[in-house]
Structures are given as structure tokens and as C-alpha cells.
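The values are calculated or read from the model by the stated rules, or taken from the named source; none is laboratory data. Small disclaimer: the values here were computed from a predicted structure and weren't measured. Cβ placement follows ideal geometry from the backbone for every residue including glycine, while neighbour counts extend to all protein chains displayed. Calculation scope for accessible area: heavy atoms of the full protein, side chains included, ligands and nucleic acids excluded. Shrake-Rupley method; radii C 1.70, N 1.55, O 1.52, S 1.80 Å.
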Amino acid sequence: MPEIRSVWALVAIACSAAAQPTKLSYVDFQPCCLASGPGATFVVGSTTSPPSIQVGRLDSSGQPASNFSIVIRGNDQVTASAVDPSGNLWIVTTPYFNSGQSAPAQALIVKLDPTATSVLFTARFGGTASNGETGINGIAFDSDGNVYLGGSTNQTDFPATAGAFMTQIGKADLPSGYVLSTVPRQGFVAKFSPSFAVIYASLIGGVSPKLPYPCNGTCYTTGATNSVSTIAVDAAGVVTVAGTTSALDFPATHGAFQTDCQCANGVVNGFVARFNAAGTGLVWSSFLGAFPPVASSDLGVSISGIALDGTKNVLVSGLTILPNFPTTSGVVQPKLAGSPYSGFLSKFDSTGSTLLFSTYYGLLSHISPPRVDAQGNIWLSGSTTDASSLVLAPDSVVLGNSLIAEVAPDASRVLFSALLPNGVTSQDLQVNPDSTITATGPSTAFQRPIPNGAVVSFAPSAPASLAVFGVADSAVNGVTGTVAPGEFLSIYGTGLTANPVVTFDDLPATIAYSSEHQINLLAPYEIAGRQSVSLQVTTSSGASQSIALKVAPTHPNIFLVLNSDGTVNSPSRTAKQGSTISVLVSGAGVTSPLEPVQVPFTYTYFFPFSTGIGTITAAPQYAGPMDGSPVNLLRVDATIPFVSASVLNGFTVAVQVGDATSPAIPLYVTGVSD
């Protein structure tokens, strides 16, 4: 399957023994995270134009029931959400920090009612210093409804409470000549009452980095960085946090699994720490990492999620580049499968002194927080960069690169796995009270997003039957909830078989290819002018679920680019500045009359003391049908603008048809046309 370039999605997977009909629907924003409440699951995300928080409520069957939007100031990024014991939904953010701003950059907390249709409370949290920011990365509740927050700050007046474990940012112990250029970022943990009165707030972190070389004269450094990325709390109010640090003086405790920061050569370590119930001290604190074999500017260990089991053991998930990351015997994948990033699952005992297990798991660009079901099995989702690197369960359905996996409690086996259509999962995962699982995705690692997500539900315990798990523009293989007249689409699913019939409302589609797991087709031109259509697949075994798709006049996506000599543009077959290329586009809509077409080119330029990105929008020399094409494609001919003989990389090309612009794709350019 070609590389996916964009998508956001949600997947709800029914794990009960009884077969459930597959469902597929969509939301109109970028999901961040999930939270479960009585009779409902909430998917929470954000938009940037205008800046807003978005909430979609899913009913007990996993279908969208309502949507709610909150316009906010600034470009806060939603980072976490959770439901309190009363069923209210809480959402937290990290603010966007601008070094020239005059107002403090504080995290936002929003509380909604159980229907997620009314705002009950909002607050900002952090210091008042304008030369820094405070962001929240995690939220949790105890059985009394007290609120626990974890995050990071570099504000010198962060409102730590008297008597807390750590109330001030310490002074770095730097070698001679080194000077801190910024305030070292610290993690924090804070506890509030249900009415959001502060009970305690403590920093956690160190300030002294491992510096690679001695300083002759004056050398500036940013110091160590620390961040709490995820938080969990037990019924007694004991908090366990996990995150990243590069501080040699991070407060690890005696007897913990790792007591020294193995953060040489610019690579950070993970950490896991447990506070006492009063927030005045640490019960235990351990690093999780390894000395990097070579210098690197990459993260050594990045912890993305945490979960507690019934005996207060601590499970964490994340990504690592380290070939010597600590693993244990008898696990799914004790050795690194390759590069660049591997997922991992590691479990500490309740004292923090022992790793009960630790395993790599496949090459992933993102991994969700781990979730533990009633049997102690571990569920996760992720986006793989190499499917062959994964340990999969027998008879796994393979439709793309979006992973869902169930791992045994001791990480010795993969009990269930599926690779769903590209981009469908990886951001977050929930185990629901009715034994269903809901996963969202993809992560923000996808660089060319389409502004919608999908919601899919199915029963993995049931035999494969006729079901659709994703509809995508065939040019990008990224699931989408939008279709244009005449667009070339791919349907991914199970039980599709040969000779299917696909309808858009009452209109049959022209099918170009079909197999058990994929159908390629042309959407009917007659859907033009409709607001939405219902797609359904019918075979000799029955009919799939109906899928609602929005109809847009145009929905362009680039199939490929041809050089002036007719070869496909690639790293080995390049174009030249000033030459004419042909861009083949799907989703151009009705072609008679054709909507206005433009071709935006971007390029990266390099000057002695700066770099930048330029954009030139060209008018096409030709925009019309692709003669002899077996599918409905628009051919757009345009001349690559001459920028400079020194600008030979960083080019991209996109195509705008009407009001819609395709995602940009790389354009490989070397030299200048004669």
C-alpha cells in the first residue's frame, strides 16, 4: 500500500463475544484524546482557525450523538481529557508560547457537564511570568473527585504550595564557563479539590545537564529539561507520573530500578515517579533509559502513557531509538527491530525497584497510552512505519499501517492484532465498561492532515464478514469523510469479494477493481449538488453498513507527477527548474465546466545566516482530461518556477481546484532547464 500522507480518525472496536455490525462515521476535527463516562464516550480535539476546543459525544453503540465547540483565545493545543466521578468531562491544554508575548502563557482547564453541551467551569493555571509558559499534559481523578494535573513549566513564579516536595527551580551545577541562557523546564504535579481549590502543587525535576565538552571562555546552555507527560492516581490519592528528563540531578530514590540518568550525548531518559498522598515527598522514583551508543539530537526515550494494575504496578508505553533500551527475557520482542523509532511497553513493580517486564514492539511513529482490560490484558494502538517489524497474532487482518494490538499481561504473547486502513489509529485508546475498545488517530506525526476523523466499530472475535473499515481517495490511501463527483476512491474492508455493487444513495458506482479487502471505484458524477450521500457495498453474502459521506464540489489529491520526458518524478528521476511537469489529480469534481485551477509551488532557500520557505503560485498551461487514462484523472501541466541555481531541494507542489487545495507532495528538482 502506498505511503499515507494524511488523515485523522477514530476507531471503536467491539471486543465482546457476540458479533456486532461494523459501523463507520466521521467527526469534523482533529482528535487528541478519548474519555469515557456513564453511557457515553467523548472524543476531544481542537481546530486552529478559529482556535477552538471540539468535543464529539458517542452514544453507547459508538455512533456520534452530539458535537460541541468552545472558541478560545490563543492557539492552545488540547493535550488530555478525563471524566470525573460525577460524569463531567474535563479538558486541559498546553498554550502556544511566543517569545515576544507580554501576557503569561498559562494552561487552560475546561469542565463540561455529562452531556458535553454546557461549560460548567474554566480556569487558567500557571505562573504570571511572561517569559515562560506552563502546559498540562495529563489529568486524572481519585474516587472523591479530586483533580490531578501533570505537565511542565519554565515560569519562575510557578504557584507551588508551601511544604510540597519541590517548590522552586534549583540552581544548576554547571562546569566552569557555562551560563544558563533560559530557565530550565521542570515537571509538575498538582492536586485540586472537586471545586478546583488547590490542595498541593509541586515541581519535579533537575537542572544540571550532561554537557559534552569543556568550555573555553563563556558558553551558553539551556540547561536540563524535564516534563511530566502522563499521570495516574489510585483510589487513595497516590499519584504516579511518568515523563522525560535530561537532568543528572533528577531526584531518583535509593533502591529504585535505575538511579542514575543515562542521558549522555544529548539524549534524554524516561522517568517514573510515585508521590505520597500529601504531595510532600516521593515514595520512589526511577529513570528508564540507557546510555546512547552515539551522539544524537533525538529523544532517547519518550514515554507517552501510563496505567496502573490492581496491585499498583506501573505500566508505561512510549518510543525509543536506543538499541540497548532495558528489556527482559520471555517478552514479545526483546531486541530492537530497526530504526528510527521503536515502540515499547515496560512494567515496574509497585516499589519501583524491579522491571516485571520490558519489551520493544515494532517500528512505530506513534504509540498510544496503554490500557488494561478486566483480564489484565494490555491494549494499545499505533502507526507502524514497517509492518514486517511487528509481532502479529495469527490470522490478523492487514488493511494498512494502523495498528491495534492486545498483549498478554506478562507481554509474552500478542493475543489479537489488526492493521487497519492507514492512519486510522495511534493517538489514544480506551477500554470501555462494556468491554469494547475505542481508539483514535492518527497522531500529529501525520504532516498533511485532512480535517475529519472516522469512527469505526467491529467485533474482532467474530469471523470476517462483509464490513467496511475505511473509504479513501485512491491517491493518498487516507480515510476521509468527503467525496467529490467523479473522485477515484478505494474502499478497505473484509468480505468484499468479487463482483460487488457499490451505491452512493441510489446511484451505482463504476468499479475498476475488487478483491476481498479492497474496491477501487469512481464516484458517480450525479452526486454533484448534494450535501451528503450514503455509501453501501452489496455482495452475494449481503450488504455492508451504510456510510455517510459529505459531498464537496472538489476534493483534489495528487496521484503522481510526470517529468517533461514522461518519466515519473522521483529522487532518481528528477525535474529541472523551468521545465514543464504534468500533475495527475483525482477529485477535481465536475470537469465541464472545470473549476479554476492553480498550482502552488513551495521551495526551501538557504542564505549564509538564514533559511526560509518561499511560495510561487503558477497558472497551468493546460488543465483537462488525461487522455487514455483508465480512471478519471485531471492532468495539470505547469512550469516549475526558476528560483535560483542554488535552490535544488525542498520543492513541493500542490494543485488548487476551485476552493480546495490538495496536500502538497515532494517535487524532486535538480538543475535548471536549458
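Subtracting the Cα-Cα distance of T602 and N324 from their residue separation scaled by 0.36 nm leaves 96.1 nm. Taking a point 7 Å from the Cα of V398 along the Cα-to-Cβ direction, the residues of region 484-514 with backbone N closer than 20 Å to it are 491-497, 514. Counting heavy atoms of the protein chains alone, Y492 has an accessible area of about 10 Å² for a 1.4 Å probe.
Treating r as the C-beta distance of I613 and T47 and R0 as 22 Å, the FRET efficiency rounds to 0.40. The alpha-carbon of K335 sits under 28 angstrom from the alpha-carbons of these lysines, leaving out residues fewer than 8 places away in its chain: K210, K312, K347. Using a Cα-Cα cut-off of under 30 Å, which lysines could be cross-linked to K550, ignoring same-chain neighbours fewer than 8 residues away? Here the lysines satisfying the reach criterion relative to K550 are K23. A cut-off of 5 Å between modelled amide H atoms, ignoring neighbours fewer than 5 places along the same chain, links Q333 with Y360. Modelled spin labels at A236 and S465, positioned 7 Å past Cα toward Cβ, are 4.7 nm from each other.
Between C215 and H254, full extension at 0.36 nm per residue minus the direct alpha carbon distance yields a gain of 10.8 nm.
May I ask you to compute the full-extension gain from F642 to S86, defined as 0.36 nm times their residue separation minus their alpha-carbon distance, rounded to one decimal in nm?
Numbers: separation 556, 0.36 × 556 = 200.16 nm, distance 6.24 nm.
Using 0.36 nm per residue and subtracting the Cα-Cα distance, I get 193.9 nm.
Of the trypsin sites (Lys or Arg not before Pro) found in region 163-226, the ones in coil according to DSSP and having at most 13 other Cβ atoms within 10 Å of their Cβ are K171. Surface composition of the chain: carbon and sulfur atoms hold 53% of the protein heavy-atom accessible area at a 1.4 Å probe.
In the chain, a dipole from Cβ-located charges (positive for Lys and Arg, negative for Asp and Glu) runs towards its positive end, and of V397, A242, A439 it is A242 whose Cα lies farthest in that direction. The spread of Cα positions in region 499-610, taken along each principal axis and listed from longest to shortest, comes to 63, 31, 31 Å.
Taking the mean number of other Cβ atoms within 10 Å as a proxy for protection, how do you rank 543-553, 300-310, 67-77 from highest to lowest? Intermediate values should be presented prior to the final figure.
Numbers: 543-553: 18.4, 300-310: 21.6, 67-77: 16.0.
Final packing ranking: 300-310, 543-553, 67-77.
Taking a sphere under 13 Å around the Cβ of V590 and counting the other residues whose Cβ falls inside, with K and R at +1 and D and E at -1, yields a net charge of -2. Counting only residues at least eight positions apart within a chain, or on another chain, the aspartates and glutamates with an alpha carbon under 20 Å from that of K171 are E133, D157, D249, D260.
Given all pairs of different Cα atoms, what value in angstroms does the Kirkwood hydrodynamic radius of the chain take?
Values: mean 1/r = 0.0377 Å⁻¹.
Every distinct Cα pair counted, the radius reaches 26.6 Å.
Principal semi-axes of the equivalent ellipsoid, √(5λ) from the alpha carbon gyration tensor of region 311-397, are 21, 16, 11 Å from largest down.
Modelled label positions at D144 and V179, each set 7 Å beyond Cα in the direction of Cβ, lie 4.9 nm from each other.
Placing R573, R124 in order of accessible area, with the largest value first and a 1.4 Å probe, yields R573, R124.
Roughly how many Å² is the accessible area per residue of the chain, as a whole number, for a 1.4 Å probe? Numbers along the way, then the final one.
Details: 26160 Å² over 674 residues.
On a per-residue basis, the chain sits at 39 Å².
Let me know the shape class of region 209-346, please: from the alpha-carbon gyration tensor, a ≥ b ≥ c as square roots of the eigenvalues, rounded when a/c is under 1.5, otherwise prolate if a/b is greater than b/c, or oblate. Oblate, because a/c is 1.5 or more while a/b does not exceed b/c. Under a 5 Å amide H cut-off, with hydrogens placed 1.01 Å from N, F559 pairs with L584, V585, S586 among residues at least 5 apart or on other chains. Note on S546 and S388: their simple-model spin labels are 4.5 nm apart, each label 7 Å out from Cα toward Cβ.
The calculated FRET efficiency for the pair Y96 and K171, based on their C-beta separation and a Förster distance of 41 Å, comes to about 0.90.
When +1 charges are put on Lys and Arg Cβ atoms and -1 charges on Asp and Glu Cβ atoms, the dipole computed for the chain relative to its Cα centre reaches about 840 debye. Taken over region 50-134, the alpha-carbon convex hull comes to 96 cubic angstrom per residue. Of all segments of the chain bounded by GluC sites (Glu not before Pro) found in a DSSP loop with no more than 16 other C-beta atoms within 10 Å, the longest spans 4-515. Toward the positive end of the charge dipole of region 462-606, with +1 on the Cβ of Lys and Arg and -1 on the Cβ of Asp and Glu, the farthest Cα among G495, S514, P600 is that of P600. How many angstrom lie between the C-alpha centres of region 346-411 and region 35-57? A separation of 26 Å, based on Cα centres. Rolling a 1.4 Å probe across all protein chains gives L174 an accessible area of roughly 40 Å². As an equivalent ellipsoid, region 157-272 spans semi-axes of 29, 17, 10 angstrom, where each value is the square root of five times an eigenvalue of the C-alpha gyration tensor, largest first.
Whole-percent P(r), region 536-584, all Cα pairs, 10 Å bins from 0: 20, 26, 18, 20, 15, 1.
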